[in-house]
Amino acid sequence: MAVGRAAARSADGGASSGAGHGASAGVDHGGAAAAEGSGSTPAEGDGKPARGGKIAAAAVNQASVWNIANLLTMLRLLLVPAFVALMLADGGYDPAWRSLAWAAFAIAMITDLFDGHLARTYNLVTDFGKIADPIADKAIMGAALICLSSLGDLPWWVTGVILGRELGITLLRFLVIRYGVIPASRGGKLKTLTQGVAVGMYVLALTGWLATLRWWVMAAAVVLTVATGLDYVKQAIVLRRQGIAERKAALEEKEA
């Protein structure tokens, strides 16, 4: 009996050692060292993930929202009401206030160039950024255009064309997303740059030849806005046709 008990204890010890070795291997291959450092408990015997591991993973996901790319996007969103207040201060025609409004607009446009690049380069893409970034882009541009038109500095039809195109293309992207993603084109990037420069020049209280120059820059922005919008519509139609054809071919192959 004593020998049997000793053998049983030896078997239990060997099983514990084997389990410990298996857990160690799991750490090496599965990357569980972070959970070990955070003091999380091992996985339960029924295969369910450890409770501590869930908490640690949730904490990491929550912290990932507060990255530099998202902070820049949040800054752009905060600059929208600040820009409107500066733009309309003292009746909206004071050159000093208009210069401050231009500074806010310029900061918003510059951060727009960096947040997406940082998110893609350093793997900082989050669901919040995917939603907030386009909202921030359209909010600052829309606020500037509406302010300029309300002050009589820019015709309302220009504001309508630009905002109508932006909202229309955004809706179009959602409608065809089941078939694929419409990639951003070089023309679209040039359109965004031209729009930013043109609106920025209108925000400033320019006179003389600079006032004439900004009219031509805005005209170029409107032309690019319409042209790239039509190109996106064309791409959406082609993408939808391809998607329908591929689905039809897949169904026929499955039935065969």
Trypsin sites (Lys or Arg not before Pro) within region 147-207: which are DSSP loop residues with at most 15 other Cβ atoms inside 10 Å? Arg178
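How much length is gained if the chain between Ala249 and Val226 is pulled fully straight, taking 0.36 nm per residue apart and subtracting their Cα-Cα distance, in nm to one decimal? Intermediate values should be presented prior to the final figure.
Working: separation 23, 0.36 × 23 = 8.28 nm, distance 3.49 nm.
Between Ala249 and Val226, full extension yields an extra 4.8 nm.
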Only Lys, Arg, Asp and Glu count, each charged at its Cβ (+1, +1, -1, -1), so figure out the dipole size of region 128-256 about its Cα centre, rounded to 20 debye. 200 debye
How would you classify region 153-208 from its alpha-carbon gyration tensor, with a ≥ b ≥ c the square roots of the eigenvalues: rounded for a/c under 1.5, else prolate if a/b is greater than b/c, otherwise oblate? oblate
Using a 1.4 Å probe on the protein chains only, how many percent of the accessible area of region 87-210 belongs to carbon and sulfur? 70 percent
Karplus (6.51, -1.76, 1.60) ³J(HN,Hα), θ = phi - 60°, over region 187-199, in Hz, Gly and Pro reported as x: x, x, 5, 5, 4, 4, 5, 5, 4, x, 5, 4, 5
If R0 is 22 Å, what FRET efficiency do you get for Val238 and Arg120 from their C-beta distance, rounded to 0.05? 0.30
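Please give the net charge around Gly229, taking every other residue with its beta carbon less than 13 angstrom from that of Gly229, where Lys and Arg add +1 and Asp and Glu add -1.
Around Gly229, the charge tally is +2.
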Pulled fully out, how much extra length does the chain show between Ala96 and Ala184, if you take 0.36 nm times their separation in residues and subtract their Cα-Cα distance? 28.0 nm
Radius of gyration and Dmax for region 104-256's Cα atoms, expressed in Å? 18.8, 73
Can you work out the accessible area per residue across region 139-256, with the rest of the protein chains kept in place, probe 1.4 Å, in square angstrom? 60 Å²
Excluding Ala211 itself, calculate the net charge of residues whose Cβ lies under 14 Å from the Cβ of Ala211, where each Lys or Arg counts +1 and each Asp or Glu counts -1. +1
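The values are calculated or read from the model by the stated rules, or taken from the named source; none is laboratory data. Note that the structure is a prediction, hence the values are computed from the model and not measured. Glycine also receives a Cβ, built like all others from the backbone with ideal geometry; neighbour counts cover every protein chain displayed. Protein only, heavy atoms only, side chains kept; ligands, DNA and RNA dropped before computing areas. Shrake-Rupley method; radii C 1.70, N 1.55, O 1.52, S 1.80 Å.
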